[in-house]
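For reference, the structure discussed in these notes is given below.
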């Protein structure tokens with residue numbers, strides 16, 4: 001081949017490569033794309049290697065070969081990196097069956113899992129491990145020993161489920177850790193590490209949330225005002241092209257059809273004359289009812305905490321009385337969001353605005369319940385501090401009496417301390433451990449209620465609709481109770 005033919009062939013090869021790279025952007029039918037792509041690949045495979053056979057073309061052939069290997073390595077590495085992402089394949093399967101909106105919830109859960117894993121590593125590696133390896137062992141001091149009166153029942157299942165017994169005197173709670181400035185031969189400063197881990201956990205969480213919000217700030221297509229081009233948005237952006245299941249596609253088709261019908265009805269309703277005073281009254285009434293619900297939930301939590309303080313000195317408590325606080329808070333988190341959604345129907349807001357109000361009210365509910373719970377615990381903390389001070393004074397008085405009686409009996413001022421096992425030492429209640437136990441019990445109870453809700457409200461409901469629909473009087477799938485809808489906002493806030 002002459003130099004001119006070689007140059008022309010190289011240009012054709014480069015054009016075919018560009019065509020292969022940009023074939024997706026061509027406004028062609030899929031069949032034409034496949035034919036053109038196949039012809040271009042055959043042309044490149046045939047003449048790309050032939051360009052390196054001429055004299056002085058070895059370097060070009062070597063460069064082409066290395067470029068192919070590099071592209072293949074990048075593709076294999078990208079596949080390996082994708083395979084290393086936890087649950088990526090499972091999430092893609094969910095995405096193909098139920099769409100990207102449902103998959104986004106599981107992506108959020110994976111993100112939360114990764115963040116909590118880092119926080120767990122900080123706490124476990126810089127606080128728990130140093131205390132276990134370099135701190136005083138169990139049974140060496142009273143704060144690390146189960147009292148003698150509790151040792152017989154310290155391993156009972158009911159006691160451990162309430163996080164008492166051996167769980168109470170373990171690294172799970174604050175009262176187990178040393179109050180010394182340094183621990184072990186390495187002089188590890190455990191209190192400073194405890195403080196820095198707390199600050200670092202808060203800073204890392206805040207930084208990660210802000211970074212994620214900034215990264216996703218420009219995602220979405222709603223830069224314009226909220227009422228513009230409604231029909232065009234619904235027509236060209238409603239379909240989810242990641243759906244690969246026929247049943248889900250049918251459901252999506254029905255959902256889009258219903259959305260168009262609702263939009264037409266809304267447009268017709270907007271053209272009618274409305275009573276603006278009635279709408280304002282209903283919105284004020286709805287906000288008043290929701291405010292009363294928030295205040296009632298806070299008062300109920302405060303009342304239950306006070307009631308639990310009265311139960312503290314009783315031993316004949318039922319299971320409900322022992323777990324009343326956790327049950328009430330979990331039920332409030334379960335009942336109040338649907339109640340808010342029902343009341344919000346009176347306001348007649350746009351669905352997007354109604355969703356923002358709903359999220360804000362649920363957030364206010366959870367935050368208000370948490371702060372009410374903390375304020376109610378402050379009184380219990382003060383009571384425990386007073387009890388601890390009285391026990392401390394009684395212990396000092398008992399030791400002084402021991403010294404005085406020993407000196408009077410043996411006429412000797414060199415008195416040895418009384419021999420005493422750490423489990424027999426009189427100690428006051430540790431309020432930090434008590435508050436930690438309440439939070440752990442609340443977390444466990446909330447998880448249990450969530451699992452029971454999923455099992456009863458979703459799984460059992462789906463089984464009934466699926467298998468009893470053939471022998472029922474009406475269509476259970478289309479009518480009541482139908483399948484449960486996946487509430488992304490409620491699950492994220494929960």
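The values are calculated or read from the model by the stated rules, or taken from the named source; none is laboratory data. Please read all numbers here as calculations on a predicted model, not as lab measurements. With ideal geometry, Cβ positions are generated from the backbone for all residues, glycine too; neighbour counts draw on all protein chains shown.
The sole residue among 360, 368, 333 that is surrounded by 13 or more Cβ atoms within 10 Å (Cβ to Cβ) and more than 30 Å from residue 387 (Cα to Cα) is 333.
Does residue 405 satisfy the criteria of being modelled with pLDDT under 75 and in a helix (DSSP H, G or I)?
When the stated conditions are applied, residue 405 passes them.
Among the helices (runs of 4 or more DSSP H) confined wholly to the range 233-327, which include 3 or more residues that are touching a residue at least 60 places away in the same chain (Cβ under 8 Å)?
Because the criterion is at least 3 residues that are touching a residue at least 60 places away in the same chain (Cβ under 8 Å), the helices (runs of 4 or more DSSP H) in the range 233-327 that meet it are 276-311.
Scanning the range 86-113 for residues that are under 30 Å from residue 199 (Cβ atoms) and touching a residue at least 24 places away in the same chain (Cβ under 8 Å) returns 86, 108, 110, 111, 113. Would you confirm whether any residue within the range 446-463 is in the same structural domain as residue 322 (by TED's automatic domain parsing) and closer than 30 Å to residue 387 by Cα? Taking every residue of the range 446-463 in turn, none turns out to be in the same structural domain as residue 322 (by TED's automatic domain parsing) and closer than 30 Å to residue 387 by Cα.
Please find, among 146, 159, the residue that is surrounded by 12 or more Cβ atoms within 10 Å (Cβ to Cβ) and part of a helix (DSSP H, G or I). Break it down stepwise before answering.
Numbers: 146 fails: part of a helix (DSSP H, G or I).
Checking each option against the conditions leaves just 159.
Applying a threshold of 8 Å to beta carbon distances and a minimum spacing of six or more residues, or different chains, the list of pairs starting in the range 458-475 at a residue that is closer than 20 Å to residue 334 by Cβ and ending at one that is at pLDDT below 80 reads 458/484; 461/481; 461/483; 461/484; 462/483; 462/484.
How about the range 131-140: which of its residues are surrounded by 15 or more Cβ atoms within 10 Å (Cβ to Cβ) and either assigned by TED's automatic domain parsing to the domain that holds residue 437 or in a loop (DSSP other than H, G, I, E, B) (or both)?
Let us first name the residues in the range 131-140 that are surrounded by 15 or more Cβ atoms within 10 Å (Cβ to Cβ), namely 131, 134-136, 138.
135, 136, 138 - these are the residues of the range 131-140 that are surrounded by 15 or more Cβ atoms within 10 Å (Cβ to Cβ) and either assigned by TED's automatic domain parsing to the domain that holds residue 437 or in a loop (DSSP other than H, G, I, E, B) (or both).
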